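Notes to accompany the following structure.
The values are calculated or read from the model by the stated rules, or taken from the named source; none is laboratory data. Just so you know, these numbers come straight off a predicted model, no measurement behind them. When we count neighbours, we look across all protein chains shown, and the Cβ atoms used for this are built from the backbone with ideal geometry, even at glycine.
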Amino acid sequence: MSTSCIIIAGGSSQRMGSDKRRLRLWGECGPTLLEHVVAQAARVSDDVIVALNDPHAWSELPARLVRDEVEQGGPLAGLAAGLAACRYEYALALACDMPLVQEALIAALLAYPRPYDALAPLRFDDGARAPRNSLAAEPLLAVYRRTCLPAIRACLQRGARALVDPLAMVDTRYLAPDVWQQYDPQGLSFINLNRTEDVVRMKAIIVSVSGGR
């Protein structure tokens, strides 16, 4: 079943202090972080959408670019813009700062029986890997149906910015860790980049799992 792919790319990188989308984790001759995630998305979808605040700065990117639906609306505004633009009923949402998402896990998410409104994995909640929200759900490695759009827009309208908020308003299924670990035993898919120290860690992980390629 064809599925769109929405990459949430924002643009502020406030905690990083510089534009993390332009990081070259694979060496100076390698792709930028955003280029890498776009290439990853293109392997599973022929409808790749990048939601960001500054589309003019990425005109050469091989994807459809859309501006966040609400200014200063955060990732939720990007998800709204992406769902409004997607060609297919369902869309896989990916964060541009999670470059180690495993293809086997993506395949499992896309193969999960439909219909549903949203499908999200549950992150580890053991203190060592802190969840992003009270549900411990990972909303930026998830599949959304276009039917989620009214709930997302309602959240934005009332000023809510948490990506997990719409999940409580729609028919959401969750993949427990013991399920997704079958496809990503080390949980590499959930490692994201927020601070400068994360870059050093990420580069070391890339070298260890792929020899730096």
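Quick check on segment 23-57: of everything there that is among the β-branched types (Val, Ile, Thr) and outside any strand (DSSP E or B), which residue is farthest from residue 98 (Cα to Cα)?
If we filter segment 23-57 for residues that are among the β-branched types (Val, Ile, Thr), which is where we start, we get 32, 37-38, 44, 48-50.
Keeping just the survivors that are outside any strand (DSSP E or B) gives 32, 37-38, 44.
Numbers: 32: 13, 37: 8, 38: 12, 44: 16 Å.
The extreme case among them is 44.
Restricting attention to segment 83-119, which residues are farther than 25 Å from residue 56 by Cα, outside any loop (DSSP other than H, G, I, E, B) and touching a residue at least 40 places away in the same chain (Cβ under 8 Å)?
90, 103, 104, 105, 106, 107, 108, 109, 110, 118, 119
Among (1) over 16 Å from residue 171 (Cα atoms); (2) at pLDDT 95 or above; (3) over 12 Å from the mean Cα position of the chain (by Cα); (4) assigned to a loop (DSSP other than H, G, I, E, B), where does residue 66 come up short?
Every condition holds for residue 66 apart from (4).
What number of residues within segment 24-62 are closer than 19 Å to residue 4 by Cα and surrounded by fewer than 16 Cβ atoms within 10 Å (Cβ to Cβ)?
The total comes to 5.
Determine, yes or no, whether residue 80 is touching a residue at least 60 places away in the same chain (Cβ under 8 Å), in a helix (DSSP H, G or I), farther than 25 Å from residue 206 by Cβ and not basic (Lys, Arg).
The answer is yes for residue 80.
Give segment 143-167 a look and list any residue that's modelled with pLDDT of 95 or more, among the aliphatic types (A, V, I, L, M), closer than 24 Å to residue 97 by Cβ and over 17 Å from the mean Cα position of the chain (by Cα), or say none.
Selection gives 156 alone.
Does segment 8-15 contain any residue that is under 12 Å from the mean Cα position of the chain (by Cα), modelled with pLDDT under 90 and of a type outside the set (Phe, Trp, Tyr)?
yes
Specify the residue that is surrounded by the fewest Cβ atoms within 10 Å (Cβ to Cβ); the eligible residues are those in segment 168-180 that are at pLDDT 95 or above and not hydrophobic (A, V, I, L, M, F, W, C).
171
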